[in-house]
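Contents: one structure, followed by commentary.
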Amino acid sequence: MSDSMALPRESRLERYIWLLAFAIAALSLLMGFWYHYNAYLAGGHPFIQGDWLINSINGPVRRGPLGSVIIHIGDWTGLGPLTVTVILQLSLMIVMTLPVLLAFWRLRIPAYALLLTSPGFFIVFWASSPTGSLRKEMIGLASICVLLLIPLLPKAFRGLVVAFSLLLFAIACIGHEVNTFMAPVLAALFVITLRPDLRSRVLWAAAAVFFALTAAALLYAMSQAQISDRAAVCDPLLERGLGSNICSGSIRWLTYDSAHARSELIRRLTAPGASLSFAVAATLVVAPLVYLVSLHDRARLLYGVLAACLLPVLPLFFVAHDWGRWLCIYITLFTVVIFALALQGRIRMVRPVNPVVLLTFVCLSFVWSPHHILGLQLGGIVKRILT
């Protein structure tokens with residue numbers, strides 16, 4: 001380990017917690033695979049797979065181009081659109097998880113278990129609240145997670161990693177407008193991991209093109225915000241043998257306008273206890289991260305990072321009620337940035353973590369999670385296992 005990553009001597013308990021974090025991640029992934037395998041056998045989930053199957057075969061539709069490609073691949077391979085969707089989702093889950101686990105292994109910092117096992121981080125959140133998992137924001141998050149491979153792999157692979165990340169992000173922006181909001185963090189991670197010359201005019205020209213194309217994708221989605229009849233999207237799926245239930249979730253929501261989305265958000269926020277329970281969930285998610293930041297040499301910088309990672313996601317809280325998903329995006333972005341900074345030696349821990357506090361937070365990740373819409377879910381992974 002380099003001097004920049006040097007840590008206070010860790011205790012045996014901390015090493016066990018480090019291994020426990022891997023075990024929690026592995027258990028969460030297995031639970032996710034099992035849940036989605038059963039959803040696949042049941043004919044697909046109207047939101048988890050239904051969102052991916054929104055298509056523009058019968059005309060322009062917001063989020064439609066990616067679904068059209070999935071349908072054509074299903075036709076060409078004979079697998080069908082649902083099978084192609086599930087294969088793509090689980091493949092992206094591996095693409096997201098592998099760089100994170102490799103970074104955690106390379107750093108060997110037990111305190112970073114607070115990141116890996118956070119109920120707001122995608123690995124644990126998706127296992128605890130599977131209905132909010134594997135939505136199309138995972139493509140954008142995958143494009144961000146793979147950048148952790150840059151400091152982990154030989155320099156010869158940097159070009160491939162960058163190209164793969166940009167390809168994923170382009171697909172992400174076409175597939176779902178929520179991914180466009182991740183562009184600032186993706187750009188920041190390019191700077192952190194590649195360390196380019198910030199005075200380069202070529203760099204700034206490339207950045208301008210990047211953000212212009214991202215804005216164009218968002219504007220396209222906004223111009224196709226609503227459809228009058230879901231049959232145009234649903235019929236190509238029914239013709240290929242899928243059940244009508246697949247059209248009762250994300251596809252049905254395409255027929256609603258922004259006013260309906262806002263009224264639904266207000267209705268949920270004003271429900272008894274909803275706002276308070278989300279505030280408690282958000283506090284429980286952020287508190288361990290604040291504690292972790294306090295252990296670093298550049299704590300003020302990291303507090304700024306914690307706030308800055310929220311800013312791109314913040315508009316989502318005003319337009320849709322899936323606040324648990326937005327919280328998950330926020331925590332995942334922050335986690336990847338912290339891992340990237342640590343791998344590059346730009347931050348290091350200078351104060352020892354309290355093993356009892358660390359173990360307490362890690363164990364709590366088993367028994368609660370944010371709800372994928374609004375609120376706090378007690379039981380977490382343990383409840384999912386028992387039920």
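The values are calculated or read from the model by the stated rules, or taken from the named source; none is laboratory data. Remember, it's a predicted structure, so these values are computed and weren't measured experimentally. For neighbour counting, all protein chains shown are included, and Cβ atoms are generated from backbone atoms with ideal geometry for every residue, glycine included. All accessible areas refer to the heavy atoms of the entire protein, side chains included, with ligands and DNA or RNA removed. Shrake-Rupley method; radii C 1.70, N 1.55, O 1.52, S 1.80 Å.
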Of the accessible area of the range 5-136, with the probe set at 1.4 angstrom, what percent is carbon plus sulfur?
68
Please report, for the Cα atoms of the range 279-383, the Rg to one decimal and the Dmax as a whole number; what are they, in angstrom?
14.6, 41
Percentage relative contact order, the chain, counting C-alpha pairs under 8 Å, at least six apart:
27
Projecting the Cα atoms of 289, 180, 204 onto the charge dipole of the range 162-307, where Lys and Arg contribute +1 and Asp and Glu -1 at Cβ, the residue farthest towards the positive end is 289
Using alpha carbon centroids, what distance separates the range 342-385 and the range 39-110, in Å?
27
So residue 166 and residue 222, fully extended at 0.36 nm per residue minus their Cα-Cα distance, gain in nm 17.9 nm
Inter-centroid distance (Cα atoms) of the range 311-338 relative to the range 116-179, Å
14
Would you kindly state how much longer the chain becomes between residue 298 and residue 318 on full extension, computed as 0.36 nm times their sequence separation minus their alpha carbon distance, in nm to one decimal?
4.0 nm
What is the sum of charges, Lys and Arg at +1 and Asp and Glu at -1, for the other residues whose Cβ falls under 12 Å from the Cβ of residue 339?
+2
Please identify the longest segment of the chain free of exposed trypsin sites (Lys or Arg not before Pro), where exposed means a DSSP state other than H, G, I, E or B and no more than 14 other Cβ atoms within 10 Å.
241-345
Neighbourhood net charge (12 Å Cβ-Cβ; Lys/Arg +1, Asp/Glu -1) for residue 44
0
Less than 15 Å Cβ to Cβ from residue 90, Lys/Arg counted +1 and Asp/Glu -1: what total charge do the surrounding residues give?
+2
Which entry in [x] 0.96; [y] 0.94; [z] 1.57 is this structure's computed Rg/Rh (Cα atoms, Kirkwood Rh)?
[x]
In debye to the nearest 20, how big a dipole does the chain give about its Cα centre with +1 on each Lys and Arg Cβ and -1 on each Asp and Glu Cβ?
980
Normalised by the number of residues in the range 125-171, what is the relative contact order in percent for Cα pairs under 8 Å and 6+ residues apart?
39
Virtual spin-label span in nm between residue 22 and residue 258, 7 Å along Cα→Cβ:
4.8
